[in-house]
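Taking it in order: structure first as structure tokens, then the write-up.
The values are calculated or read from the model by the stated rules, or taken from the named source; none is laboratory data. Since we're looking at a predicted model, the values are computed, not measured. So basically every Cβ, Gly included, is an ideal-geometry build from the backbone, and we count neighbours across all protein chains shown. Remember, those area values only see protein heavy atoms, side chains included, never the ligands or the DNA or RNA. Shrake-Rupley method; radii C 1.70, N 1.55, O 1.52, S 1.80 Å.
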Amino acid sequence: MTIRNRLKLIALVPIVLLLLLSTYFFVTSYINYEKAKALKTALNNNAYLDKALTQVGKERGLTALYMGSDRKIFGDILKKQRVATDKALTQLRSHIVPDNGSLLPFLPKLLGENTELNAQLYQNLLNNTGRIVFIRKEADSPNSDFKKVFFDGYTQKITMPIMQNLLQINHFAVNTEIASLISTLSQLYTVKENAGLERGFVSYYMVKRASMSFEEIALWDDFKTKANIFDIRQVTDPQLQSRLQQIFNDPKAKQLLQELAETSSAIQTDVDNGDYAEDPMEWFALQTQKIVLYSKAELIVSSILWQKANAYLQKQLMLLAIAIGIILLSLLLAYLGYTTTRDMTRNIKELEDVLNKAVTDLKESDEYLASDTAHIENIDLDTPDGTKEAYKFLETLVETAKEDKQIALQANEAKSLFLANMSHEIRTPLNGIVGFTEILRSTDLDSEQREFLNIIDKSSENLLSIINNILDLSKIESNKIEIENVVFDAAEEFESAVETYAVGAAEKNIDLNFYMDPTISPKLKVDPTKIKEVIINLLSNAIKFTGYGGQINLKIEKVKEDEGKSNPRILFSVEDNGIGMTKEQQERIFDAFSQADVSVTRKYGGTGLGLTISSQFVELMGGKLELESAKDQGTTFYFSIPLEEVPGTENNYYHACEDMTLCKYEEEIPTVLDTYLAS
């Protein structure tokens, strides 16, 4: 396996596994969430279903009494009960929710999980509730059959569909604790329904004073068995068991169940002859009280189950949020892993191409042919051997680069030494030419000879300036330039630099302005020669590239800085309105032997060393030479350096004229006089 494939495997496999695990975690949490939500919906529906079941069961029992009396008694109480039943069924139709609304219904179905209520069962129930009208007509008919009304009508058409919907909660036992509560609640539903069946079935025979066949006795026994299936000892929740014991261990509850058992036993002794000694209404009332008793227990179980389902639902919501967060993190990591491995493999490929190109370029080199890596034909970074060869080749390149650097340094030193020696050697005869030119100037010359002599003198000065620049550049490259630190008179030195070019500015009718901040100390401590050389160079360029009638401004100002600085920074700027420069020209203006373009060199002359040397001087003094320029709009060179201010012994005339009133002549041409007067 190649290194690139290993990188992909290492980067992506753990992330894919994390993504799969988080997806599984998400799916299971979502399914449990939907089950818990369906359970809450079912519990909410069961409240109305149970109320309807109770009312229908009571109507069924009263109908049995009514039919057993040959429809002679119990008619009024049955009518009232039918009104109560209709009210319960109306509430059932209005409030029942057949669908709990899954967010992703396809997901549980894909995995074969049931997380939705059976809407068809609810719909069948709602359709059957309308048939109660026909069941009642059948019950009121003189020739109707009791079992058909009781079992085929009320039980099959109404109460059995209600029970089926009540027991839908059994499908949503999401954990052991909730499963135990659902089992208890289902038993209570069953107990109540069978108690209602037992109540109505036996009441019919007692009122009618009819005996029971073996099949009818067996049917009663089945109802009785199911009506007593609830065992409080099977309740696993200690808190719930304690609360249920309080209900069933109540003396009244015990007495009720005891009386009911005794009454049931007494009725069983008379089923053969139909001569029942017990009162049917007493039997009916005892069974009704039993149903109420179990309804109380059912209410407690439902309340606790609702709380547990709600807590479980909130827990699943939290787990869902965590799972979604992990999935998003996994996707982000997968994307980062993919992009990282892609970039790394691309970088390895690019590095491989660079190394192979270097091998190709160096194949004809004597150093390469004589090295230990001369056998390398092609570097493959996908294999360990190729990586070793690359390391070895890089070591060879580093050693070669060191040797080349040493040779280059030696060559540079030789060049600098040659430039310095040549500059000295050329300057010696050049000084002789300049000297004899001055001597020749004092002799008797005609006008033509004097003109020739001026040309020789001017050319000698230009050549001497070029040689001095080359000598300075060689010193800078050799790190032999030293910055002095002497005290000097700021105004005198800076003004002398300006005066040097006053004549040149006057010849081109250039307005040369000079402003020096009065707050600057008269005495400064730095290298005055280097600063003057930079200023002279900038002024020389400004005059050179400014047209006739232009303007040049030299400003020397103190820069406002935070308090606590030991030495203030002084800002020097030379501004002209000459030819200016483009962005491309500005990028190479500080390169040695470089000017704006060929046309500038041809028109204005020069070597292009002045700004390079000035920039180096400024950096050595702790600043940086910068510029702002626009084509045909002029140029501003500026730099700031820290200068030590030395207290002087001269009189300080700063603020000496505050009490004087001055007037000045206003000119159209702006001057720096306002600044001086404001100071």
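When you scan region 298-306, do you find a residue that is in contact with an Asp or Glu (Cβ under 6 Å, 6 or more places away or on another chain) and either over 22 Å from Asn170 (Cα atoms) or open to solvent by less than 70 Å² (accessible area, probe 1.4 Å) (or both), even just one?
The first filter runs over region 298-306 and keeps only residues in contact with an Asp or Glu (Cβ under 6 Å, 6 or more places away or on another chain), leaving none.
No, region 298-306 contains no residue that is in contact with an Asp or Glu (Cβ under 6 Å, 6 or more places away or on another chain) and either over 22 Å from Asn170 (Cα atoms) or open to solvent by less than 70 Å² (accessible area, probe 1.4 Å) (or both).
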- Task: Say whether the condition of being open to solvent by 30 Å² or more (accessible area, probe 1.4 Å), modelled with pLDDT under 65 and over 30 Å from Ser22 (Cα atoms) is met by at least one residue in region 334-351.
- Result: no
- Message: For region 306-348, give me each residue that is without any contact (Cβ under 8 Å) to a residue 60 or more places away in the chain and among the aromatic types (Phe, Trp, Tyr).
- Response: Tyr335
- Task: Please enumerate the residues belonging to region 6-46 that are among the hydrophobic types (A, V, I, L, M, F, W, C) and within 30 Å of Asn100 (Cβ to Cβ).
- Result: Leu19, Leu20, Leu21, Phe25, Phe26, Val27, Ile31, Ala36, Ala38, Leu39, Ala42, Leu43
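Restricting attention to region 177-189, does a residue exist that is surrounded by fewer than 20 Cβ atoms within 10 Å (Cβ to Cβ) and not polar (S, T, N, Q)? Break it down stepwise before answering.
The initial filter retains those residues of region 177-189 that are surrounded by fewer than 20 Cβ atoms within 10 Å (Cβ to Cβ), namely 177, 179-180, 183, 186.
Next, only the ones that are not polar (S, T, N, Q) stay: 177, 179.
Yes, there is a match, as at least one residue in region 177-189 is surrounded by fewer than 20 Cβ atoms within 10 Å (Cβ to Cβ) and not polar (S, T, N, Q).
Would you confirm, using the coordinates I've provided, whether Asn114 is touching a helix residue (DSSP H, G or I) at 6+ places or on another chain (Cβ under 7 Å), surrounded by fewer than 19 Cβ atoms within 10 Å (Cβ to Cβ) and not in a helix (DSSP H, G or I)?
Working: touching a helix residue (DSSP H, G or I) at 6+ places or on another chain (Cβ under 7 Å): yes; surrounded by fewer than 19 Cβ atoms within 10 Å (Cβ to Cβ): yes; not in a helix (DSSP H, G or I): yes.
So Asn114 passes the test.
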- Note on the structure: Taking first residues from region 443-456 that are of a type in the set (Lys, Arg) and second residues anywhere that are surrounded by 12 or more Cβ atoms within 10 Å (Cβ to Cβ) and outside any loop (DSSP other than H, G, I, E, B), the pairs with Cβ under 8 Å that are 6 or more apart or on different chains are Arg450/Arg441
- Conditions: (1) basic (Lys, Arg); (2) closer than 21 Å to Ala261 by Cβ; (3) loosely packed, with under 15 Cβ neighbours inside 10 Å. Arg199 meets all but one. Number of the miss? (3)
- Scan region 355-397 residue by residue and report those that are over 25 Å from Thr341 (Cβ atoms), among the small types (Gly, Ala, Ser) and at pLDDT 60 or above. Ala358, Ser365
- Query: List, please: which pairs have Cβ atoms under 8 Å, are six or more places apart or on different chains, and start with a residue in region 39-61 that is under 24 Å from Tyr204 (Cα atoms) and end with one that is among the basic types (Lys, Arg) and open to solvent by 40 Å² or more (accessible area, probe 1.4 Å)?
  - Reply: Gln55/Lys87
- Test: residue in region 232-245 that is open to solvent by 70 Å² or more (accessible area, probe 1.4 Å), more than 21 Å from Val191 (Cα to Cα) and in contact (Cβ under 8 Å) with a residue 24 or more places away in the chain: yes
